[in-house]
Amino acid sequence: MNLIAQGPSMIAAQAQELARLAGSSTVERIAEHAWRIRKAAPADAIAPYCESERIDYAFIPEGRRFADLKLLAMDMDSTLITIECIDELGDIAGCKSEIAAITAQAMRGELDYPQSLRQRVGLLAGLPESALTAVYEQRLRLTPGAEQLLAACQRHNVRVLLVSGGFTFFTERLKARLGIDYTISNRLEINAGQLTGRVIGDVVDADAKAAKFAAVMKELGARRKESVAIGDGANDLKMMALAGLSVAFHAKPVVRAQASCAISWCGLDAVVRLYE
């Protein structure tokens, strides 16, 4: 196995220490703050060392190439972008703390997602449609490394699926702006220029995300190992379980515990460096 180690300020001495812990003598620098340690063996000391040194690590089978992927799927809120859009809408509506608390519970898997979303959207009833534009133009920012990850996908013809329990207003704009291939998200009901407090149709929950992932995989004729899924919340887990590699990105503990690996210190471009 290859041990990929990377961190915002990782240095060669830390890579050498990880190699020692993993019983390897082959260390390759793959980026300014990233190393590949070949023929590495898992060891109990690796996780606590990386945690204390602010290093992201992953054991990846040798020979896995980013260029061989067919599909990369990722969540939107707090993954592709730095914010939770619904929390920011709540801020404009004057109920951010209430909505954010429900969001946090839902992302930890403590609440039924469809019920929690309808509850949060209900608090936005009467909000002017212009608030959506304000959040997109003034508050929405791409996560560091997002553009580099998407550029790598475009270079290697890897299709990108954006899955979100958020809203089409944002996913469709990001799709057009970033050249994303597929999206799935919820449509807010708007009447006379105001949010009604309802979503149209079924809520995009964990099952819907997984179903969309499976459908795109079938369309592309992709094998499991030719896919990667990135998420941060409990509603991403069913989708992530279908992927060849699942990445918990700055994620909740329940997600980190079930993912193939976690990225907690680096940006989204770290996903590219997991592959050869």
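The values are calculated or read from the model by the stated rules, or taken from the named source; none is laboratory data. As the structure is a prediction and not an experimental result, all values here were calculated from the model. Note that each Cβ is placed from the backbone with ideal geometry, even for glycine, and that neighbours are counted across all protein chains shown.
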Practice task
Might you let me know whether the range 91-99 holds any residue that is farther than 18 Å from Lys252 by Cα, hydrophobic (A, V, I, L, M, F, W, C) and in contact with a helix residue (DSSP H, G or I) (Cβ under 8 Å, 6 or more places away or on another chain)?
Solution key: yes
Practice task
Check the range 241-260 and report whether any residue there is among the small types (Gly, Ala, Ser), more than 25 Å from His156 (Cα to Cα) and surrounded by fewer than 22 Cβ atoms within 10 Å (Cβ to Cβ).
Solution key: yes
Exercise for the section: Output the residues belonging to the range 137-181 that are within 22 Å of Tyr113 (Cβ to Cβ), assigned to a helix (DSSP H, G or I), in contact (Cβ under 8 Å) with a residue 40 or more places away in the chain and not aromatic (Phe, Trp, Tyr). Expected result: Thr171, Leu174
Exercise for the section: Return the residue satisfying two criteria in turn: it lies in the range 219-237 and is part of a loop (DSSP other than H, G, I, E, B) and not basic (Lys, Arg), and of such residues it is surrounded by the fewest Cβ atoms within 10 Å (Cβ to Cβ). Expected result: Gly221
Exercise for the section: Kindly list the number of the only condition in (1) under 27 Å from Pro253 (Cα atoms); (2) under 20 Å from the mean Cα position of the chain (by Cα); (3) not small (Gly, Ala, Ser) that fails for Cys153. Expected result: (1)
Fill in the blank from the handout: With criteria (1) assigned to a helix (DSSP H, G or I); (2) touching a Gly at 6+ places or on another chain (Cβ under 9 Å); (3) among the β-branched types (Val, Ile, Thr), Val216 comes up short on (2)
Handout entry: Residue ID - nearest to Val272 (Cα to Cα), chosen from residues in the range 57-68 that are of a type outside the set (Asp, Glu) and either outside any loop (DSSP other than H, G, I, E, B) or touching a Cys at 6+ places or on another chain (Cβ under 8 Å) (or both)
Key = Phe66
Handout entry: Only listed residue being surrounded by fewer than 21 Cβ atoms within 10 Å (Cβ to Cβ) and without any contact (Cβ under 8 Å) to a residue 60 or more places away in the chain, chosen from Ile11, Ile60, Ile30, Ile37
Key = Ile11
Practice task
Within the range 158-173, work out how many residues are crowded, with 21+ Cβ neighbours inside 10 Å and of a type in the set (Asp, Glu).
Solution key: 0
Handout entry: Residue list for the range 69-86, restricted to those being assigned to a strand (DSSP E or B) and more than 12 Å from the chain's Cα centre (by Cα)
Key = Leu71
Completion exercise
Selection from the range 238-276 of residues of a type in the set (D, E, K, R) and part of a loop (DSSP other than H, G, I, E, B) yields Lys252, Glu276
Problem - Tabulated pairs, the range 109-134, first closer than 18 Å to Thr171 by Cα, second in a loop (DSSP other than H, G, I, E, B) and not basic (Lys, Arg), C-beta under 7 angstrom, 6+ apart or interchain - result: Leu117/Val203; Glu129/Gly193
Practice task
With the condition kept exactly as written, say whether any residue in the range 260-276 is modelled with pLDDT under 95 and among the acidic types (Asp, Glu).
Solution key: yes
Practice task
Kindly indicate whether any position in the range 182-204 is at pLDDT 95 or above, part of a helix (DSSP H, G or I), touching a strand residue (DSSP E or B) at 6+ places or on another chain (Cβ under 6 Å) and within 23 Å of Cys85 (Cα to Cα).
Solution key: no
Practice task
Could you list all residues from the range 40-57 that are surrounded by fewer than 20 Cβ atoms within 10 Å (Cβ to Cβ) and aromatic (Phe, Trp, Tyr)?
Solution key: Tyr49
Handout entry: Hey, Ala125 surrounded by fewer than 20 Cβ atoms within 10 Å (Cβ to Cβ), at pLDDT 95 or above and part of a loop (DSSP other than H, G, I, E, B) or not
Key = yes
Problem - Single match in Lys212, Lys175, Lys225 (criterion: farther than 25 Å from Leu140 by Cα and basic (Lys, Arg)) - result: Lys225
